[in-house]
Every structure is written in C-alpha cells, then in structure tokens.
Amino acid sequence: MTSTPRPPSPLDPEIAARLKRSPDGLLPAIAQQYDTGEVLMLGWMDDEALHRTLTTGRCTYWSRSRQEYWVKGDTSGHFQWVRSVALDCDADTVLVRVDQVGAACHTGARTCFDTDVLLEDSGVPAGDQ
C-alpha cells in the first residue's frame, strides 16, 4: 500500500531535522506505562502525529492500514495520557511514556506483548550469554 501524501506539519523544525524516518516518513513509537515500565504497544508516527502528541497530551498515531491519524482512546475509550516523550540515541524511534487507561491492545488486552511470549527466562546467567 502506498502512503497518502500528507501536508507539512508544524513540528518544531529542530526536532524534525533530527528524525530518521522510514522511507514512508514514519517512526516507530513505543508506548510504555510511565510508572511500571510495562511496554504496552508499538504504533507509528509521522511528523504531524508526533506534533499532535507533543501538544495535546494524548497519543496520536498514523494508521498504515487506514491511511489516517488516530488518537488512542477516541473510539475505544482506552486513553493514553502522555507523561513524557523521548527519542532514542539514533533519533529513529520515539518512546512515549503514558498513563494508560484500559487496554492498550486492539484485542482488548492490557498490552500487545503478553500473549505470544517467545522466551520467558532462559535460565542462562547474564554473564554467560
């Protein structure tokens, strides 16, 4: 599916200049519960979604399948209230620390990462890996 061209956003030009986006203009955005560190979900943001997230206090993502913006909680009632936003060291991933109200996953689960665990505890001491 091709991306629909989106108009330029009012994202701070200094922030925009630092971002390393995918060819379709997106950054992975990891949502993490601010007080427990629980990883909740991964969504995608372009400059406009990041701008909206930074200025509204609610997570806004770009839906690759629907080709439109969506604000977490607008239809589900499962809101993500933004506590902090950080770029990783390469400026190619956003970490959004949120206060999650309700489920984060579209399946209704608290997190998208709790049902298909590939490795729980390998039993190998950290120094022996």
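A few points about this structure:
- ³J(HN,Hα), Karplus 6.51/-1.76/1.60, whole Hz, each residue of region 52-68, x for Gly, Pro: 4, 4, 5, 9, 9, x, 10, 5, 10, 10, 9, 7, 5, 6, 8, 6, 7
- Computed on the Cα trace of the chain, the radius of gyration divided by the Kirkwood hydrodynamic radius gives Rg/Rh = 1.01.
- With a Förster radius of 35 Å applied to the beta-carbon distance between V71 and S122, the computed FRET efficiency rounds to 0.35.
- Carbon and sulfur %, accessible surface of the chain computed with the full protein complex present, 1.4 Å: 54 percent
- Counted residue by residue at 0.36 nm each, then reduced by the alpha carbon distance between them, the extension gain from A17 to T55 reaches 11.9 nm.
- Anisotropy class of region 54-98 from Cα gyration tensor, a/c 1.5 cut: oblate
The values are calculated or read from the model by the stated rules, or taken from the named source; none is laboratory data. Being a predicted model, the structure only gives us computed values, none of them experimental. With ideal geometry, Cβ positions are generated from the backbone for all residues, glycine too; neighbour counts draw on all protein chains shown. The accessibility values were calculated without ligands, DNA or RNA, using every heavy atom of the protein model including side chains. Shrake-Rupley method; radii C 1.70, N 1.55, O 1.52, S 1.80 Å.
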